[in-house]
Amino acid sequence: MEGINADTKLESLTDAQRLELAEKVRAESTAGQPLISSVEPIEVLEHEYANNDAFLGKIQWLKEAGFIGIRRAKGDGDCFYRAFAFAFIYKLMMMNDRPMHHFTVKHVDSTLHLLKEAGYDESVYTDFYEPLRNLLNRMYSTDPETKELNESALVEAMNDAEQSNSIVVYLRLLTSAFLKLNADEYTPFLFSLDTHTDAAAPDMQSFCANHVEAIGKEADHVQITALSRALKVSLDVAYLSPAQAPPATPLDEDFPAEQIQSSETKQQSSNSIPVPGNEAASRRHAADNPNRCDVVRFEVEGGQITEIGTMLLRPGHYDLLVQAPTPASPEPEIPAILST
């Protein structure tokens, strides 16, 4: 940056210069990182926070809750949208459910009308949509020329900057369109997003322009809720921070995406977790652990909903958590008297 060197004091910089410097530092620190990584064992987080007991306790909690790995998204400010896109496509691919795939693709196609209704240029957003549509069409394709989508192919596609960034832009535009079309519902929640107490709440148009459509801008509850509702997707966000989880926050706290709530507004007994046997006991133990992460659930109710799993949120950054596979139920033993 012109005029700034190692001897420059931060307090001498303007807000714009500080922002530019922060963006430069972030770009340099993430250079060479993949846009979406392969799965790493969750123990890598323990190495990252080896000298921080508060974080180590929460990482242990994640392990006890059944998470075994992490898939990183590049920390470029687009990490939420990129991780969301990967998780959404991956979950649909792994479902092995043709009717659900057909329903989901049809619904995703219908989101183009939201952008048109919100006033976006059709010639622009259709170009950004094409890479997402192409990946969805590589499942259950009857075209012999089409290479069936698998995990390695999806990772490769999401690391292709042109494809990956186009998908990110489309998800940003879709989020913005949904917010604008539902402005009456969401505008009351925008006041808390401005750090200046004397500043007026932003209107929806300026909020979307500056905090949703702008590349490199991080997502918060408002954006997550809007995108979840637009695509009929439910997900969890686990917060990895040094602060202790609120005492009333159970493992399976529900945050309907039809509402935006604080993590302390809804309580649910951990004894009601609908999981049988040893898994239920394990989850109850995790919920009672004082080191537990605060888990926020963005849930869309009604119809056919895609559950895309859990994101890990560290200050300003989202990654994907990988859950241990659910063990297959053992075959019931048939008494000898009935098997003859």
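The numbers here are math on the coordinates, done by the rules we state, and not lab data. These numbers were taken from a predicted model, which means no experiment stands behind them. With ideal geometry, Cβ positions are generated from the backbone for all residues, glycine too; neighbour counts draw on all protein chains shown.
Each residue in segment 94-153 was checked for being among the small types (Gly, Ala, Ser), more than 25 Å from the chain's Cα centre (by Cα) and either at positive phi or part of a loop (DSSP other than H, G, I, E, B) (or both), and 2 pass. If only residues of segment 68-111 that are among the charged types (D, E, K, R) and in contact (Cβ under 8 Å) with a residue 60 or more places away in the chain are counted, the one that is surrounded by the fewest Cβ atoms within 10 Å (Cβ to Cβ) is 91.
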